[in-house]
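Chemist: Dropping a structure here in structure tokens format, bear with me for questions.
Just so you know, all these numbers are worked out from the coordinates, no wet-lab data involved. Everything numeric here is computed off the predicted structure, so don't read it as measured data. Glycine also receives a Cβ, built like all others from the backbone with ideal geometry; neighbour counts cover every protein chain displayed.
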Amino acid sequence: MADPRVLLSRLADPDARRAAGRALLVACAAGFAVTLALLAAGGGLHRWVFALLVWGALVFVPLRILIESAQTLGARARRAVAAEVAADPRRYERPAYLPFVVASLADRGPPPPRICTPAHARQAAEAAAALLERIHRSGRDAEVHRGALRALVAAVARAAADVSATATGGAAGNIQARWDGARALGALSVLTSIVGAAFDDRWGAPADLPELDGRALDDYLAAALDYCDEAALQVDALPWTEPSLATSTDAHGVVAAWQAFLAAGLPAPRALAAFLDALLGAATV
């Protein structure tokens, strides 16, 4: 059974409250339609105004106000659960706790580049939580985690090279393509940072990433994040000059699936599942 505090903590998020409000509206509309059908069957359809008042004023409006007022309670519940999660040695094995783990790691990691929006940061966090859950379900947690991280690093390198080609080549005048590529690179770098920090946190040491040739993952991601704003905000952008990574992973499919997920917005369970499939399919375990 889900922890009620976890469910309540979700209402601290404005997006979650809006989603709950939409669900409530749909439920009340369905209830009103059923009531109309029953009234029509009993010859009392002329009472539809009364039914509308009941579902609108007595059901929808009070519950909608209750959802919005739950913001403070949700924030308190989130802090309480986050403190409990931080002390739980099995936090990576409990799917309901993973969003709290990811939020803590994201807070300690690098911020998204300026070209990214808060929605991109939320998508990176959701993808990280879903990936960590998939890793646990694999039954080979450490191996798959390391393989997924290597595939992410290869995808970051591929995305950076693509952005550089768009920003400095013959298509440099297409500013929308530059922005889209830079946002994808920035959000992917944030995702990679979270997954890398999760490896350190869970296994007690950084992952061995031969592709980086001894370089720290954080340093490489910092360069990628800096390049996002360089490529997106500078008229005459400089090219991506980081050395090519020695990787056998074909990252084109991973980058394409990531861009599709970003374009789909949230919620996008199918696009997220397609990205995870592409990423874990490209992972070197």
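Chemist: Give a residue-ordered list of calculated ³J(HN,Hα) values for the stretch 124-132 (Karplus: 6.51 cos²θ - 1.76 cosθ + 1.60, θ = phi - 60°; whole Hz; x for Gly, Pro).
Modeler: Using θ = phi - 60°, the values come out as 4, 5, 5, 5, 5, 5, 5, 5, 4 Hz.
Chemist: Which three extents, in whole angstrom, do the alpha-carbon atoms of the chain cover along their principal axes, largest first?
Modeler: Here the spans come out as 77, 49, 32 Å, largest first.
Chemist: I need the phi-derived Karplus couplings for the stretch 71-81: 6.51 cos²θ - 1.76 cosθ + 1.60, θ = phi - 60°, integer Hz, Gly and Pro marked x.
Modeler: 4, 5, 5, x, 5, 5, 5, 5, 5, 5, 5
Chemist: By counting other Cβ atoms within 10 Å of each Cβ, how are Leu262, Leu280, Leu191 ranked from fewest to most? If you can, show how the numbers build up before the last one.
Modeler: Numbers: Leu262 23, Leu280 18, Leu191 28.
So the ranking, lowest neighbour count to highest, is Leu280, Leu262, Leu191.
Chemist: Also, I was wondering about something else. About its Cα centre, how strong a charge dipole does the chain have in debye, to the nearest 20, once Lys and Arg get +1 and Asp and Glu get -1 at the Cβ? List each step's numbers first, then the result.
Modeler: Numbers: 27 positive and 28 negative charges, 295 e Å.
Once rounded to the nearest 20, the dipole reads 1420 debye.
Chemist: At a 10 Å Cβ-Cβ cut-off, how would you order Ser189, Ser138, Ser164, fewest neighbours first?
Modeler: Exposure proxy ranking, most exposed first: Ser138, Ser164, Ser189.
Chemist: Using a 7 Å offset from Cα along Cα-Cβ at Glu84, what residues in the stretch 121-154 end up with backbone N under 15 Å from the label point?
Modeler: What the label zone holds, given the 15 Å backbone N cut-off, is no residue at all.
Chemist: Right, here's the next one. So, in Å, what gap is there between the alpha-carbon centers of the stretch 125-140 and the stretch 207-251?
Modeler: 24
Chemist: A follow-up question, please. How would the stretch 1-87 be classified by its alpha-carbon gyration tensor: rounded, prolate or oblate, with rounded meaning a/c under 1.5 and the a/b versus b/c comparison settling the rest?
Modeler: Note, shape of the stretch 1-87 comes out prolate.
Chemist: How big is the stretch 149-259 by Rg and Dmax over its Cα atoms, in Å?
Modeler: 13.9, 46
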